[in-house]
Amino acid sequence: MDVKRRLLRTAILAMIGLVIGGAIAYTQIISEQNSAAETASTSGSMAGVSLGGPFELIDHNGDSVTQANYDGQYKLIYFGFTYCPAICPTELQKITQVLNNLDEQMAVQIQPLFISVDPERDTPDVMREYVSLFHPRFIGLTGSPEQIEAVKQDYKIFATKVQDENMSDYTVDHSSFIYLMSPDNKPLSIYRIKDDAAFIEADIRKIIEAQS
Ligand code: NI
């Protein structure tokens, strides 16, 4: 076997390894998220579920922020990217609807955050313009690839670039969960794509009323 062919074979084997490794990691993350989500919906409490953690990111004004910037507020957190064709806009619109439908005095206690899984293209400027399409209090967060990787891990978010040779640009496959975090940064609920705005609104109202 000549050197070229051997190198090619090595490259192919390495790629297969990556794909399998990725698939296993993906399956594990999804099953973890599903069991966390089940805990949330069956017991109504996420006590004991480890999710989230301190982060350091760049907001859509280009300022450095940490989790502490949003202490004292409930958070609705969604991970996605501005080039997302379908799911992200729908979920961000859902959050906007929830905030518009809640009583004002309850809505103001909640900070909506959109965290990019595509920091390469989602610069602060791009994020600012994008979140302005949704609720006016939405804050877009991006950061260095390392900062984004860290926050994704803490929130158990799977996201990976996908390059289709038929497309001029890449897209990003990613998990889609809306996280409700408490004012002291504990996970309270996880909402999935099938949970509509009315469901989320009712759940948040129940949780905030029980805590106040
Ligand atoms: Ni998306």
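The numbers here are math on the coordinates, done by the rules we state, and not lab data. Not measured: the values here are computed from a predicted model. All Cβ positions, even for glycine, are placed from backbone atoms using ideal geometry, and neighbour counts span all protein chains on display.
Below are the figures for this structure:
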read-out: Residue-wise HN-Hα coupling along segment 47-62, computed from phi with Karplus coefficients 6.51, -1.76, 1.60 (Hz; x: Gly, Pro); value: 3, x, 7, 8, 8, x, x, x, 9, 10, 9, 10, 7, 6, 9, x
read-out: Length gained when the stretch A86-E209 is fully extended (0.36 nm per residue, less Cα-Cα span); value: 41.0 nm
read-out: log₁₀ of I(q)/I(0) at q = 0.16, 0.19, 0.22 Å⁻¹ - segment 71-143, Debye sum with one point per alpha carbon; value: -0.52, -0.72, -0.93
read-out: Partners for K194 among lysines (Cα-Cα distance below 26 Å; same-chain residues under 8 apart left out); value: K75, K94, K152, K156, K161, K186, K206
read-out: Segment 72-102 and segment 123-198: distance between their alpha carbon centers, rounded to Å; value: 9
read-out: Where labels lie 7 Å past Cα in the beta-carbon direction, separation of E165 and D63 in nm; value: 4.8
read-out: Which of F138, F158 has the fewest Cβ neighbours within 10 Å, and the rest in rising order; value: F158, F138
read-out: Relative packing of 131-137, 62-68, which averages over residues the other C-beta atoms within 10 Å, highest first; value: 131-137, 62-68
read-out: Proxy reagent accessibility, fewest Cβ within 10 Å first, across Y191, Y170; value: Y170, Y191
read-out: Estimated distance in nm for a label pair at Q109 and R137, the labels positioned 7 Å out from Cα along Cα-to-Cβ; value: 1.1
read-out: Fewest-first ranking of V49, V162, using other Cβ atoms within 10 Å as the exposure measure; value: V162, V49
